[in-house]
Amino acid sequence: MKTIARTFLAATLMSACLHAAAADNPLSVHILDLQSGQPASRVAVTLEQRDGLEWRALGSAVTDAQGRVRALYPAGKPLTAGAYRIVFKTGEHYARLRQPSFFDQIPVEFKVENTAQHYHIPLLLSPYGYSTYRGN
(Lines give C-alpha, C1' and ligand atoms only; values in the text may rest on other atoms or scores of the structure.)
Protein backbone atom coordinates (compact mmCIF):
# COMPACT_ATOMS: atom_id res chain seq x y z
CA MET A 1 0.00 0.00 0.00
CA LYS A 2 2.86 2.39 0.80
CA THR A 3 4.37 1.72 -2.63
CA ILE A 4 1.10 2.66 -4.33
CA ALA A 5 0.84 5.83 -2.25
CA ARG A 6 4.45 6.80 -3.10
CA THR A 7 3.87 6.13 -6.80
CA PHE A 8 0.71 8.22 -6.76
CA LEU A 9 2.47 11.05 -4.91
CA ALA A 10 5.41 10.98 -7.33
CA ALA A 11 3.07 11.06 -10.35
CA THR A 12 1.07 13.92 -8.81
CA LEU A 13 4.21 15.96 -8.11
CA MET A 14 5.58 15.35 -11.61
CA SER A 15 2.26 16.41 -13.15
CA ALA A 16 2.19 19.57 -11.02
CA CYS A 17 5.73 20.43 -12.09
CA LEU A 18 4.88 19.96 -15.78
CA HIS A 19 1.77 22.12 -15.46
CA ALA A 20 3.71 24.82 -13.62
CA ALA A 21 6.38 24.88 -16.33
CA ALA A 22 3.71 25.04 -19.04
CA ALA A 23 1.85 27.82 -17.19
CA ASP A 24 5.01 29.94 -17.24
CA ASN A 25 5.44 29.43 -20.99
CA PRO A 26 3.90 32.22 -23.10
CA LEU A 27 2.85 30.04 -26.04
CA SER A 28 0.74 26.89 -26.44
CA VAL A 29 -1.08 25.13 -29.29
CA HIS A 30 -3.90 22.62 -29.64
CA ILE A 31 -5.03 20.62 -32.68
CA LEU A 32 -8.47 19.09 -33.02
CA ASP A 33 -9.24 16.84 -35.99
CA LEU A 34 -12.76 17.88 -36.96
CA GLN A 35 -13.37 14.80 -39.09
CA SER A 36 -12.89 12.41 -36.17
CA GLY A 37 -13.74 14.82 -33.37
CA GLN A 38 -10.52 13.72 -31.66
CA PRO A 39 -7.33 15.56 -30.70
CA ALA A 40 -4.56 15.24 -33.29
CA SER A 41 -1.70 13.63 -31.41
CA ARG A 42 1.90 13.18 -32.58
CA VAL A 43 1.80 16.17 -34.96
CA ALA A 44 5.13 17.96 -35.34
CA VAL A 45 4.93 21.71 -34.72
CA THR A 46 7.67 24.30 -35.23
CA LEU A 47 7.94 27.86 -33.98
CA GLU A 48 9.75 30.57 -35.92
CA GLN A 49 10.30 34.29 -35.45
CA ARG A 50 10.70 36.81 -38.25
CA ASP A 51 14.19 38.28 -38.38
CA GLY A 52 14.17 40.92 -41.12
CA LEU A 53 13.02 39.09 -44.25
CA GLU A 54 13.92 35.63 -42.92
CA TRP A 55 12.27 33.24 -40.47
CA ARG A 56 14.48 31.98 -37.64
CA ALA A 57 13.62 28.68 -35.94
CA LEU A 58 13.03 28.98 -32.19
CA GLY A 59 11.88 25.49 -31.33
CA SER A 60 9.78 22.48 -32.14
CA ALA A 61 7.60 19.95 -30.38
CA VAL A 62 5.10 17.17 -31.01
CA THR A 63 1.49 17.29 -29.84
CA ASP A 64 0.64 15.04 -26.90
CA ALA A 65 -2.28 12.58 -26.61
CA GLN A 66 -4.65 15.54 -26.07
CA GLY A 67 -3.37 17.24 -29.25
CA ARG A 68 -1.54 19.89 -27.23
CA VAL A 69 1.86 21.44 -26.94
CA ARG A 70 1.61 23.26 -23.63
CA ALA A 71 4.99 25.01 -23.80
CA LEU A 72 6.18 25.83 -27.32
CA TYR A 73 8.28 28.93 -26.63
CA PRO A 74 11.91 28.21 -25.61
CA ALA A 75 12.20 27.85 -21.82
CA GLY A 76 14.16 30.55 -20.05
CA LYS A 77 13.98 32.99 -22.98
CA PRO A 78 11.84 36.11 -22.53
CA LEU A 79 9.07 36.58 -25.07
CA THR A 80 9.74 39.55 -27.35
CA ALA A 81 7.32 41.57 -29.44
CA GLY A 82 7.33 40.77 -33.13
CA ALA A 83 6.12 38.48 -35.89
CA TYR A 84 5.99 34.73 -35.29
CA ARG A 85 4.98 31.68 -37.30
CA ILE A 86 3.86 28.25 -36.15
CA VAL A 87 4.07 25.51 -38.77
CA PHE A 88 1.82 22.50 -38.20
CA LYS A 89 3.10 19.40 -40.10
CA THR A 90 -0.37 18.06 -40.84
CA GLY A 91 0.56 15.99 -43.91
CA GLU A 92 2.51 13.61 -41.67
CA HIS A 93 -0.57 13.23 -39.44
CA TYR A 94 -2.83 12.18 -42.31
CA ALA A 95 -0.12 9.97 -43.84
CA ARG A 96 -0.01 8.04 -40.53
CA LEU A 97 -3.77 7.64 -40.77
CA ARG A 98 -3.38 6.51 -44.42
CA GLN A 99 -5.78 9.22 -45.44
CA PRO A 100 -5.38 11.72 -48.28
CA SER A 101 -5.19 15.40 -47.39
CA PHE A 102 -4.59 18.67 -49.18
CA PHE A 103 -2.25 20.56 -46.84
CA ASP A 104 1.19 19.09 -46.09
CA GLN A 105 1.83 21.82 -43.57
CA ILE A 106 -0.10 24.77 -42.25
CA PRO A 107 1.81 27.95 -41.42
CA VAL A 108 0.02 30.30 -39.02
CA GLU A 109 1.56 33.76 -38.74
CA PHE A 110 0.72 36.01 -35.82
CA LYS A 111 2.14 38.99 -33.99
CA VAL A 112 3.02 39.44 -30.36
CA GLU A 113 2.45 42.93 -29.03
CA ASN A 114 1.92 42.39 -25.31
CA THR A 115 4.71 40.17 -24.01
CA ALA A 116 3.00 39.76 -20.63
CA GLN A 117 0.09 37.82 -22.17
CA HIS A 118 -0.20 34.12 -22.95
CA TYR A 119 -0.74 33.24 -26.61
CA HIS A 120 -2.72 30.07 -27.42
CA ILE A 121 -3.10 29.05 -31.07
CA PRO A 122 -5.69 26.30 -31.68
CA LEU A 123 -5.96 24.59 -35.06
CA LEU A 124 -9.25 23.01 -36.16
CA LEU A 125 -8.22 20.54 -38.83
CA SER A 126 -9.81 18.46 -41.57
CA PRO A 127 -8.18 16.76 -44.57
CA TYR A 128 -9.15 19.58 -46.93
CA GLY A 129 -9.44 22.64 -44.72
CA TYR A 130 -8.58 24.26 -41.45
CA SER A 131 -9.44 27.13 -39.16
CA THR A 132 -7.50 28.86 -36.43
CA TYR A 133 -8.01 31.65 -33.94
CA ARG A 134 -6.43 33.20 -30.89
CA GLY A 135 -7.47 31.14 -27.91
CA ASN A 136 -6.79 31.61 -24.22
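Values computed for the structure shown
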quantity	calculated
Lone qualifier among 102, 110 - being under 17 Å from residue 132 (Cα atoms), among the aromatic types (Phe, Trp, Tyr) and surrounded by 13 or more Cβ atoms within 10 Å (Cβ to Cβ)	110
Among the residues listed as 46, 90, 63, 80, the single one being farther than 26 Å from residue 129 by Cβ and either polar (S, T, N, Q) or under 12 Å from the mean Cα position of the chain (by Cα) (or both)	80
Where residue 65 falls short, out of the listed (1) modelled with pLDDT of 95 or more; (2) surrounded by 12 or more Cβ atoms within 10 Å (Cβ to Cβ); (3) of a type in the set (A, V, I, L, M)	(2)
Cβ pairs under 7 Å, 6+ apart, first in the stretch 51-64 and under 14 Å from residue 82 (Cα atoms) and among the basic types (Lys, Arg), second part of a strand (DSSP E or B) and modelled with pLDDT of 95 or more	56/48; 56/49
Meets criteria (of a type outside the set (D, E, K, R) and at pLDDT below 95) for residue 30	no
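Yes or no, residue by residue, for (1) on the phi < 0 side of the Ramachandran plot; (2) in contact with a strand residue (DSSP E or B) (Cβ under 7 Å, 6 or more places away or on another chain); (3) hydroxyl-bearing (Ser, Thr, Tyr); (4) surrounded by fewer than 17 Cβ atoms within 10 Å (Cβ to Cβ):
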| site | (1), (2), (3), (4) |
| --- | --- |
| 86 | yes, yes, no, no |
| 96 | yes, no, no, yes |
| 114 | yes, no, no, yes |
| 117 | yes, no, no, yes |
| 130 | yes, yes, yes, no |
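The values are calculated or read from the model by the stated rules, or taken from the named source; none is laboratory data. All figures in this text were calculated on a predicted structure; none of them were measured in a lab. Please note: Cβ atoms are built from the backbone with ideal geometry, for glycine as well, and neighbour counts cover all protein chains shown.
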